[in-house]
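Structure first, then comments.
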Amino acid sequence: MLISSKWVKHFAAVLFSVAAVLLFSSENLGAEMEVVIDREVTIERLKTHLRSLTVEIGERSIERPENLKRAEEYIASFYHDIGVSAHTEPYLCRGLTVANVVAEIKFKENPSRHFLLGAHYDSVSGTVGADDNGSAVAVQLETARYLASLKNRQNLDLSVKFVSFTLEEPPFFDTPHMGSRVYAGKAKDTGEKIDGMICLEMVGYTCHEPGCQSYPFPLMFFDYPKTGSFIGIVGNLSSRDLTRSLFNAFERNPRLPVIKLTVPLGGWLMPSIRLSDHSAFWDYGFKAVMITDSAFYRNPHYHRPSDTMEKLDYHFMAELVQSLALFFCAQ
């Protein structure tokens, strides 16, 4: 039931700046939409990534360091295969060497716009992590493939770094060993230019039964969808321009309904929306957003052994690749 009392609405409005729009129009697709991605080919490629990460490699936690290394090598090899330079940035954690994987696509020698598309590739102990976070890595890689295919055909004033982070999951979340915190701290120290960090966190699960989608307080008091077929874009107040820009690009893809949410105070009043790599960038003063299927507010397999690849919606993931390509091509 939707609570409509004035005090609830007022309280929520004070705490959070929320904007939500569902996009279903199929009119005015425009030329760019028609030439962006081959959806069916992208779906098969996404499945190949998930099969490699979750079936052939499997659990990618600190308890299985050999599998973390295999995932790192898989990601780096993908970039080399599509002609994109990639390197690893290793660091020590509990006597083990772990690494973030970094690739970059520049459309000109000295672009004025610099974005980072990030996703963590580790999984929580005991799971193969299909939605969390194999789905995000797969979307990250296929977005890179598309942009790489444009490099010699489009004169964009743009650089995109693709960073696959290690050790996002417990017990390292929000510790100095978290891969994104290592990267963001170094970026702050070196003055790296990042106009926007886009964090992909669990982007492959949909549900369609009324009531299958839930929300954190106080969003349950708003008229949000009761089914989970949308993608969410979450930013803090200092990132609201980035949130709006992504949302405006995504609305050009009518096949992917989208909700945007802007929160104050670094998200501390709604702790669940801090639970990914974007929060490290917020804390170091960068503009950052999280793109998500809403994780445990939708997916009952969150952090369970049942988080496997056959549960994912690959059409949904392909549409996200499409929307991300639209955003980057609009820069």
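The values are calculated or read from the model by the stated rules, or taken from the named source; none is laboratory data. Model, not experiment: these values are computed from the prediction. All Cβ positions, glycine included, derive from the backbone under ideal geometry; neighbour counts span all protein chains shown.
Below, the figures for the structure above:
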quantity: Residue satisfying all of: in the stretch 221-241; part of a loop (DSSP other than H, G, I, E, B) and at pLDDT 95 or above; farthest from the chain's Cα centre (by Cα) among these; calculated: Thr227
quantity: Test: residue in the stretch 177-186 that is in contact (Cβ under 8 Å) with a residue 12 or more places away in the chain, surrounded by fewer than 24 Cβ atoms within 10 Å (Cβ to Cβ), touching a Lys or Arg at 6+ places or on another chain (Cβ under 8 Å) and not in a strand (DSSP E or B); calculated: yes
quantity: Which listed residue is surrounded by fewer than 22 Cβ atoms within 10 Å (Cβ to Cβ) and among the charged types (D, E, K, R), from Asp307, Asp293, Asp283; calculated: Asp283
quantity: Number of positions in the stretch 11-67 that are hydrophobic (A, V, I, L, M, F, W, C), at pLDDT below 50 and either in a helix (DSSP H, G or I) or over 17 Å from Gln322 (Cβ atoms) (or both); calculated: 13
quantity: Count of the stretch 209-239 residues which are buried (at least 19 other Cβ atoms within 10 Å of the Cβ), closer than 18 Å to Ile194 by Cα and not β-branched (Val, Ile, Thr); calculated: 3
quantity: Set Pro264, Pro257, Pro271, Pro218: member being in contact with a Pro (Cβ under 9 Å, 6 or more places away or on another chain) and at pLDDT below 95; calculated: Pro271
quantity: Qualifying residue in the stretch 149-157 (condition: among the hydrophobic types (A, V, I, L, M, F, W, C), at pLDDT below 95 and more than 22 Å from Trp268 (Cβ to Cβ)); calculated: yes
quantity: The stretch 206-219 residues that are on the phi > 0 side of the Ramachandran plot, paired with ones that are part of a loop (DSSP other than H, G, I, E, B) (beta carbon under 9 Å, 6 or more apart); calculated: Gly211/Lys226; Gly211/Thr227
quantity: Subset tally (residues that are of a type in the set (Asp, Glu) and more than 16 Å from Thr166 (Cβ to Cβ)) for the stretch 57-85; calculated: 1
quantity: Every residue from the stretch 56-93 that is in contact (Cβ under 8 Å) with a residue 40 or more places away in the chain, surrounded by fewer than 13 Cβ atoms within 10 Å (Cβ to Cβ) and either over 25 Å from Asp307 (Cβ atoms) or touching a strand residue (DSSP E or B) at 6+ places or on another chain (Cβ under 9 Å) (or both); calculated: Gly83
quantity: Index of the failed condition, Arg244 passing every other in (1) under 21 Å from Gln140 (Cα atoms); (2) outside any helix (DSSP H, G or I); calculated: (2)
quantity: Only one of Gly83, Gly134, Gly118, Gly126 that is among the small types (Gly, Ala, Ser), within 21 Å of the chain's Cα centre (by Cα), outside any strand (DSSP E or B) and modelled with pLDDT of 95 or more; calculated: Gly134
quantity: Among residues of the stretch 272-326, those that are touching a strand residue (DSSP E or B) at 6+ places or on another chain (Cβ under 7 Å), in contact (Cβ under 8 Å) with a residue 60 or more places away in the chain, in a helix (DSSP H, G or I) and among the β-branched types (Val, Ile, Thr), counted; calculated: 0
quantity: Criterion (small (Gly, Ala, Ser), in contact with a Gly (Cβ under 9 Å, 6 or more places away or on another chain) and farther than 24 Å from Trp282 by Cβ) met by exactly one of Ala136, Ala130; calculated: Ala130
